[in-house]
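Read-outs: derived from the displayed coordinates by stated rules, not from any lab. Quick caveat, the model's predicted, so the values are computed rather than measured. In this analysis, Cβ positions are derived from the backbone assuming ideal geometry, glycine residues included, and neighbour counts consider all displayed protein chains.
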Amino acid sequence: MNWRTRLTELLDCKYPIMEGAFAGIGTWEFAAAVSKTGAVGCLTASTSKTPEGLREEIQKLRKATKNPFTVNISIGLCPHIDGMFEACFEEDVPAIETAGFRPDEYAERINESGITWIHKGATVEFCKHAEKLGADAVVLVGLDGYGFKNIKQLPTFTSIAWAAPQLNVPIIAAGGIGDPRTFLGALFLGADGIYLGTALMATKECPLSDKIKENIVKAQPNHPDLIRELLAPPIPKDFAEVLKKRDTVSLEEWLISMEKVMLKHPDWKDVDPTYIQQLLIGRGSEIVELFPSLGTRPKGPFSFACGYIDRIITVKELIENLVKGAEEILKRKSEEWELP
């Protein structure tokens with residue numbers, strides 16, 4: 001089957017599947033493993049630490065695969081951000097993905113570079129704003145996903161269905177997607193591709209703590225603590241307090257605090273910038289200490305996609321299972337519905 005969508009045309013990839021940006025673990029090796037399958041790998045610039053390091057990793061990624069990839073630059077969280085952009089421009093990467101905070105001050109430079117630009121946002125309104133700034137595509141993240149939240153964010157499928165008639169650029173659906181049914185569901189709702197986070201975290205190539213991978217396999221999406229963390233609104237008192245801190249601390253510190261407040265983490269005042277890296281590469285009981293708010297659910301930064309994961313497999317197996325499973329569903333439904 002030829003998986004032709006506006007995303008595959010934009011990025012010249014085989015499958016409309018993108019790797020999410022992973023703070024601390026979005027390495028060139030991981031991105032290469034994803035791109036080799038026909039999906040689109042993502043090199044997270046912050047893992048390179050410096051612009052010089054990013055250039056080296058882009059070059060290594062290009063030697064590892066001729067297939068397209070993206071480079072994620074999270075505004076407000078990525079160090080040496082101006083240099084990181086310049087490294088991407090000079091290396092003429094296939095695509096840049098911005099996220100984290102408003103990209104307005106960087107939009108002109110990205111557009112002038114001629115490089116494909118994808119922006120990741122949590123609301124339909126902000127994706128429309130990114131489109132006006134010149135983004136070539138948007139990743140729309142629903143509440144089903146882990147990480148940064150927005151007070152106006154909606155569940156993934158509601159967001160995609162609502163956004164589709166309002167946006168002209170390709171839409172990539174993110175949040176809780178990780179099996180053939182959710183893959184197809186997102187496409188039928190109007191997305192041009194999907195964005196995988198948790199499903200890729202549970203692969204053999206992912207440079208993530210084995211303990212967290214084991215917890216993803218154990219986890220269930222209907223656990224009350226996970227539901228509260230991903231879907232419940234923030235505690236009003238904490239939300240009001242963190243809003244007041246916006247002009248008194250650095251953007252990086254504020255974004256970390258806001259993320260924790262939106263996830264209902266009681267330690268939200270702890271703004272150690274290294275906490276994400278500690279969280280992802282930690283071992284054993286250290287993981288428990290880094291998740292003080294998660295109650296009894298298996299510990300780890302994962303989404304409702306945990307419900308589709310029952311074992312640790314390779315990236316190649318994951319992408320093949322998604323594509324083959326989706327094609328089988330389409331074939332079966334076309335026969336049931338007597339489609340031509």
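Using the Cβ atoms and a cut-off under 15 Å, what net charge is assigned to the surroundings of Pro170, where Lys and Arg are +1 and Asp and Glu are -1? Please report the intermediate quantities before stating the final value.
Details: positive: Arg4, Arg6, Lys120, Lys128; negative: Glu9, Asp12, Glu97, Glu131, Asp136, Asp192.
Summing Lys/Arg as +1 and Asp/Glu as -1 gives -2.
When the chain is treated as a GNM, springs tying every alpha-carbon pair under 10 Å, which of Pro170, Pro224, Pro298 comes out with the largest mean-square fluctuation?
Ranking Pro170, Pro224, Pro298 by mean-square fluctuation puts Pro224 first.
Where a Cα-Cα gap under 25 Å defines reach, which lysines qualify for Lys63, not counting those fewer than 8 residues away within the same chain?
The qualifying lysines are Lys14, Lys36, Lys49, Lys204, Lys316.
Helix-derived [θ] at 222 nm for the chain: sum -39500 (n - 2.57) over DSSP H runs of at least 4, divide by residue count, nearest 500?
Details: 16 runs with 153 residues, N = 340.
Theoretical 222 nm ellipticity from helices: -13000 deg cm²/dmol.
Only four residue types carry charge here, +1 at the Cβ of Lys and Arg and -1 at the Cβ of Asp and Glu. Report the dipole size of the chain about the Cα centre in Debye, rounded to the nearest 20. Before the final figure, lay out the partial values.
Numbers: 39 positive and 47 negative charges, 157 e Å.
In total the dipole reaches around 760 debye.
Please report Rg (one decimal) and Dmax (integer) in Å for the Cα set of the range 1-126.
Looking at the range 1-126, its Cα Rg and Dmax stand at 13.6, 43 Å.
In cubic angstrom, how much convex hull volume per residue do the alpha carbon atoms of the chain span?
Working: hull volume 43.8 nm³, N = 340.
Hull volume normalised by residue count: 129 Å³.
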